[in-house]
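The values are calculated or read from the model by the stated rules, or taken from the named source; none is laboratory data. If you're wondering where the values come from, they're calculated on a predicted model, not measured in any experiment. Note: ideal-geometry Cβ built from the backbone for every residue, glycine included; neighbour counts use all protein chains shown. Remember, those area values only see protein heavy atoms, side chains included, never the ligands or the DNA or RNA. Shrake-Rupley method; radii C 1.70, N 1.55, O 1.52, S 1.80 Å.
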Amino acid sequence: IRVFIFQVFRVPSGSMEQTLETRDRIVSIRMADWQRGDIVVFEDTNGWLGEPQITQNPVLRGLEKVKLLPDSEKNYLVKRVIGTAGDKVKCCDVEGRLTVNGQPLDEESYLYQTESGVPVAPSEARFEVTVPQGHIFVMGDHRDRSGDSRLHMCSTVEGQPFGSAGFIPESAVVGPVKAIVLPLNRIQGFERPATFVAVPAAQEAPQDPVLGPGTCR
């Protein structure tokens, strides 16, 4: 059941601080549904991280086979789902908030906070995108340190339309992150932030990404 239902990953960077810290061990549930606002693990099919570093250690390879470690022949990332197919994601409104389908998000509960307790800006980069069919738009919680959809939305995956590199195929999603399981002092579960409940339903999703004026300068 463990092999097919859940998988353990190690957080490799600070892009999701302070929600996830570097080297946290997290559990992603393969069979669970996920929606806007959820943290998800996904395979790097768009090549954000370059070529994977394949381990030659036979013990580690054995742990990979039983899903106690992720497959080193593939790269994986962990981010928060901000937009799903058909959603219009925009930064930012007059109060500096990210909006999804015109609904401002209150992100203070998960955005990285400075030493003085002030959350980082939702995004320094201004953009407006509509998520294409079968894809999601993702961002890290530590927005100043996250190489997420914003960084790649003006790039292209070979053989696909302009902007495709910034949108993650739904088929690449392993599943939502439900908990931190190690270290012991970091054990906790996760719920979808309440702010996403108020987001209106998406319109019909376009086949290709739609990038608004000024997004790719």
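Taking the Cα centre of the chain as origin, work out the dipole magnitude from +1 charges on Lys and Arg Cβ and -1 charges on Asp and Glu Cβ, in debye rounded to 20. Spell out each step's value before the answer.
Working: 23 positive and 28 negative charges, 117 e Å.
Once rounded to the nearest 20, the dipole reads 560 debye.
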| query | Which listed residue (Gln56, Ala125, Val100) has the Cα farthest towards the positive end of the charge dipole for segment 55-144, taking +1 on Lys and Arg C-beta and -1 on Asp and Glu C-beta about the Cα centre? | reply | Gln56
| When ranked by the protection proxy of mean other Cβ atoms within 10 Å per residue, highest first, what sequence do the peptides 168-178, 200-210, 25-35 form? | 168-178, 25-35, 200-210
| message | Across the chain, what fraction of all alpha-carbon pairs, as a whole percent, falls in each successive 5 Å bin from zero upward? | response | 1, 7, 14, 19, 21, 16, 11, 6, 3, 1, 0
| Are there cysteines in the chain with no other Cys C-beta under 4.7 Å, and if so, which? | none
| query | Based solely on its DSSP helices, what 222 nm [θ] is calculated for the chain when runs of n ≥ 4 H residues each add -39,500 (n - 2.57) and the sum is averaged over all residues, nearest 500 deg cm²/dmol? | reply | -1500 deg cm²/dmol
| Cα gyration tensor category, rounded, prolate or oblate, for segment 3-59 with a/c compared to 1.5 | rounded
| task | Please list, or write none, the aspartates and glutamates whose alpha carbon is within less than 14 Å of the alpha carbon of Lys178, excluding same-chain residues fewer than 8 places away. | result | Asp24, Asp33, Asp38, Glu191
| Just going by the charge dipole of the chain, with Lys and Arg at +1 and Asp and Glu at -1 on Cβ, which of Ala32, Ser149, Tyr112 is farthest out on the positive end? | Ala32
| note | A 1.4 Å probe over the protein heavy atoms gives the chain a carbon and sulfur accessible-area percentage of 50 percent
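For the peptides 122-128, 80-86, 154-160, what is the packing order when you average, over each peptide's residues, the other Cβ atoms within 10 Å and list the highest mean first?
On the way: 122-128: 16.3, 80-86: 22.3, 154-160: 13.0.
Highest mean packing first, the order is 80-86, 122-128, 154-160.
Working from the pairwise distances between different alpha carbons, so that the mean of 1/r is found and then inverted, what is segment 105-217's Kirkwood radius in Å?
On the way: mean 1/r = 0.0617 Å⁻¹.
16.2 Å is the Kirkwood radius here.
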| message | If you average 1/r across every pair of different Cα atoms in segment 127-188 and take the reciprocal, what Kirkwood value do you get, in Å? | response | 13.5 Å
| said: Using Cα-Cα distances under 8 Å and only pairs 6 or more residues apart, what relative contact order does segment 7-65 have, in percent? | reply: 23 percent
| remark: The rounded separation in angstrom of the Cα centers of segment 109-132 and segment 19-81 is 23 Å
| In nm, spacing of pseudo-spin labels at Ala201 and Ser171 (7 Å Cα→C-beta vector) | 2.7 nm
| note | Descending packing, highest mean Cβ count within 10 Å first, for 89-97, 129-137, 143-151 is 129-137, 143-151, 89-97
